[in-house]
Amino acid sequence: MQIYLPIAEVSVNAFLLLGLGGMVGVLSGMFGVGGGFLMTPLLFFIGIPPAVAVATEANQIVASSFSGVLAHLRRKTVDLKMGTVLLVGGLIGAALGVGVFNYLKSLGQVDLLVKLCYVVFLGVIGSLMFVESLNAIRKTRAGVAPKRKKHNWIHGLPFKMRFRTSGLYISVIPPIIVGVLVGILAAIMGVGGGFIMVPAMIYLLGMPTKVVVGTSLFQIIFVTGFTTLLHATTNYTVDIVLAVLLLIGGVVGAQIGTVIGAKLKAEQLRILLAIMVLAVCGKLALDLLIQPSELFSIGSAGGH
């Protein structure tokens, strides 16, 4: 069933969009990521202009993340205090990111920027997570108890705050910086930033994995909502028809993903997310290297 998207100015199969939304919703519930790192490239592949894909996907992430947070709140695996600190940085970063996006859109370089950002960030983060998770699984099978570093340079920073749900007493500076970076990524790449935030919260801040997922989704809701508002009022690139179809699939998928995620071990969750990140990175890198003629044609169509 073909449906016309008025802002994107293309016709797409409605059931395909519902299926994509549901798949990304499952990822959101399982891993605590918005799923935009996967959905935005998929929208590129089915012919959605990059500017519209980025702005509309931020909107879809709000719903799938909200659905996932409700499930985690019932399990009491959301650190609301940590989420609020991350949110402060995230809103600042989102405002900065939309400014950069608007400037590059005026230069006609948004398409290239978005794809290069995906290849670089997904490649680095995915590789680091995969190696660490593989080592953790080997240690678990060998019967070696995992050691969490209790003290590092972060514990020496000022402005400390106690986060009881996470069992931490650390400075608010690192969470705010992480939030700013995630906010910038949300605006430029159309992602929730969970693929950056989740590893940062686990390895940098030292939060328990089960708490990280719900807390990440909590912060993502507000940052991507703010990003969508900015894109809608400054770029006019949010396609409401596309957003609604993705929202329906995402909300249902997030509930399923949360149930699946609760049955897996922390190491298994991290290595699955790492494999997913690397797979998307590889696909985008191949498109940039092997099919430059198609990329140019998309860029020229989006720039008129």
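The single residue among Gly225, Gly206, Gly194 that is at positive phi and not hydrophobic (A, V, I, L, M, F, W, C) turns out to be Gly206. Within the set Val252, Val244, the sole residue that is in contact (Cβ under 8 Å) with a residue 12 or more places away in the chain and in a helix (DSSP H, G or I) turns out to be Val252. Taken across the stretch 169-188, residues that are modelled with pLDDT under 80, open to solvent by 50 Å² or more (accessible area, probe 1.4 Å) and over 21 Å from Ala136 (Cα atoms) do occur, with at least one present. Here Glu267 does not fit the description of being part of a helix (DSSP H, G or I), surrounded by fewer than 17 Cβ atoms within 10 Å (Cβ to Cβ) and modelled with pLDDT under 80.
The values are calculated or read from the model by the stated rules, or taken from the named source; none is laboratory data. Since the model is a prediction, treat every value here as computed from it, not as a measurement. So basically every Cβ, Gly included, is an ideal-geometry build from the backbone, and we count neighbours across all protein chains shown. To get the accessible areas, we keep the full protein, side chains included, count just its heavy atoms, and leave off ligands, DNA and RNA. Shrake-Rupley method; radii C 1.70, N 1.55, O 1.52, S 1.80 Å.
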